[in-house]
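The values are calculated or read from the model by the stated rules, or taken from the named source; none is laboratory data. Keep in mind it's a predicted model, so treat the numbers as computed, not measured. Backbone-built Cβ (ideal geometry, glycine too); neighbour counts: all protein chains shown. Side chains included, ligands, DNA and RNA excluded: accessible areas come from the protein's heavy atoms. Shrake-Rupley method; radii C 1.70, N 1.55, O 1.52, S 1.80 Å.
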Amino acid sequence: MASKRVQDIAKNLKELPKQYVQKESNRPIKTSPPPSPIPVVDLHLLSSSQEDEMKEEMERLRTALQTWGFFQAIGHGISSSLLDEVGQLTRDFFNLPMEEKQRYSKIGIDGHEDGMEAYGNDIVSSEDQILNWNDRLYLLVTPEEERKLDSWPENPSTFREILHEYSAEMKEMGDFLLKAMAKLLDLEENYFVNRFGEKAIMYVRFNYYPPCSRPDLVLGLTPHSDGGGITILLQDNAVDGLEVLRDGEWVNVPAIPHALLVNLGDQMEIMSNGIFKSPVHRAVTNSEKERVSVVMFFAPDPKTVISPADELVDTTKPRLYKKVKVEDYLQVFMKNYALGKRTIDWAKV
Ligand code: OGA
Ligand code: NI
């Protein structure tokens, strides 16, 4: 199926190609202000030696995970200069000439489907699929020995080095969050870290959303929940676009400079037996400015099987999800994602 980078389409746009026009029910309308602001959690306070302070912040985290499934993480200890570099790198990459970016694409501009791990667009699995106003670069960053370095850009020249550094920070933050979540559920501190395993996978997705003359008709990303365990997202520092579905309403997630947005994916909802939520979210576009985001998806070892923790299942709390092999889940997820469908129902008991 022909694929063309949205960046090129946006540049020469006379008329919006109809594959990008959302059905009326899915079109973005002005969002309402949130009923309460997106929770902000200070990660530094989660390990404070002052017990009151620590407990209060843990409760804030609990509420965030049980209601929104989303929070803004501050006090994460990752330097602002690294975050700025990662943001700049992303813009620099997408601003390279198309021929240069295409070197990191699995298949040519008008070839067939793109491989998942590369520069390009998400897989198109049916003729009538409505396409996202989004180009992306998708790379596996852990396990380190499985990286496919030939898909890692060498331009900008610092790309690999900075991504390597950022991945290490993200892995550390991911493990820290998994430990905090285990504590909240009265599980052994390393419960989730062990479930994710030595061969836990982390993918990075650099998103590029070109401006669109008809932001009322298109979506940068259609509504979805994430398929992994935890997602850590670096928002554009100047342009908003992420929205989360809360009580049936789309709520804008404003960017807080140097905060990192954390959301749960389906696999944490499964492992927590539904106590924590994997939120549905989407990205909208705007008519003037390009927008970028850098998203880290952190998931358990694909060869393992996940299920609700035994400790979270008893007669008063029935098991909500079946045992699923992580790689099977991810495979079904990718298919459903293309069709705009959720996968978590597939794992329900
Ligand atoms: C994603 C995602 C939102 C954004 O890549 O899964 O939800 O703001 N991105 O780019
Ligand atoms: Ni997402």
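Can you send over the carbon and sulfur percentage of the accessible area for the chain, probe radius 1.4 Å, protein chains only?
After summing per-atom areas, the C and S share lands at 50 percent.
In cubic angstrom, how much convex hull volume per residue do the alpha carbon atoms of the stretch 1-100 span?
Taking only Cα atoms, the stretch 1-100 has a hull volume of 201 Å³ per residue.
Longer than 23 Å from Cα to Cα, which of Lys23/Lys322; Lys303/Lys348; Lys171/Lys335; Lys14/Lys341 are they? Say none if no pair is.
Checking Cα-Cα distances, Lys23/Lys322; Lys171/Lys335; Lys14/Lys341 exceed 23 Å.
Across all directions of projection, what mean area in square nanometres is found for the Cα convex hull of the stretch 253-349?
Averaging across all directions leaves 8.2 nm² for the Cα convex hull.
Ile256 to Val313: extension gain in nm, 0.36 nm per residue of separation minus the Cα-Cα distance?
Extra length available between Ile256 and Val313 comes to 16.8 nm.
Got the relative contact order for the stretch 105-238 handy, in percent, Cα pairs under 8 Å and 6 or more residues apart?
This gives 27 percent for the stretch 105-238.
Describe numerically, in nm with one decimal, the distance between label points set 7 Å from Cα along Cα→Cβ at Val332 and at Leu245.
Calculated label separation equals 1.8 nm.
Which order do peptides 21-28, 139-146 fall in by mean Cβ count within 10 Å, highest first?
139-146, 21-28
In square nanometres, what is one fourth of the surface area of the convex hull spanned by the alpha carbons of the stretch 15-170?
Its Cα hull, projected and averaged over all orientations, spans 13.6 nm².
Along its principal axes, what span do the Cα atoms of the chain show, with the longest given first and each in whole Å?
58, 42, 41
With springs only between Cα atoms under 10 Å, which of Phe298, Phe159, Phe71 fluctuates most in a Gaussian network model of the chain?
Looking only at Phe298, Phe159, Phe71, the biggest GNM fluctuation is shown by Phe159.
Once you have the Cα-Cα distance between Glu15 and Gln129, take 0.36 nm times their residue separation minus that, and quote the gain in nm to one decimal.
39.2 nm
Mind ordering 330-337, 90-97, 278-285 by average Cβ neighbours within 10 Å, highest first?
In decreasing order of mean packing, 330-337, 90-97, 278-285 become 278-285, 330-337, 90-97.
Would you mind checking the stretch 161-196 for residues with the amide N under 12 Å from a putative spin-label position 7 Å along Cα→C-beta of Gln66?
184-186
Take the Cα coordinates of the stretch 142-254, assign each an equal point scatterer, and use the Debye formula without solvent to give log10 I(q)/I(0) at q = 0.13, 0.15, 0.21, 0.24 Å⁻¹.
Log10 of I(q)/I(0), two decimals: -0.73, -0.93, -1.29, -1.37.
Can you give the charge dipole size of the chain about its Cα centre, rounded to the nearest 20 debye, using +1 on the beta carbon of Lys and Arg and -1 on the beta carbon of Asp and Glu?
Using Cβ point charges on Lys, Arg, Asp and Glu, the chain gives about 1180 debye.
Roughly what would the spin-label model give for Asp345 and Glu56, points 7 Å off Cα along C-beta, in nm?
Distance between label points: 4.3 nm.
Calculated FRET efficiency, Val40 and Leu82, Cβ-Cβ r, R0 30 Å, to nearest 0.05?
Result of the calculation: an efficiency of 0.90.
Rounded to whole Å and ordered largest first, report the semi-axes of the equivalent ellipsoid of the stretch 51-99 derived from its Cα gyration tensor (root of 5λ).
36, 15, 4
Over the chain, calculate the relative contact order: mean separation of alpha carbon pairs under 8 Å at least 6 apart, over the residue count, as a percent.
Over the chain, the number comes to 21 percent.
What whole-number value in Å² describes the accessible area per residue of the chain for a 1.4 Å probe?
46
Just the ratio, please: alpha-carbon radius of gyration of the stretch 113-193 over 2.2 N^0.38 Å, N its number of residues.
So the Cα radius of gyration is 1.48 times the expected 2.2 N^0.38 Å.
For the stretch 168-315, what does the alpha-carbon gyration tensor say about shape, rounded, prolate or oblate, given a ≥ b ≥ c as the root eigenvalues, a/c under 1.5 as rounded, and a/b over b/c as prolate?
Prolate, since a/c reaches 1.5 and a/b exceeds b/c.
Only Cα pairs under 8 Å and at least 6 apart count here; give the relative contact order of the stretch 248-301 as a rounded whole percent.
Rounded, it is 22 percent for the stretch 248-301.
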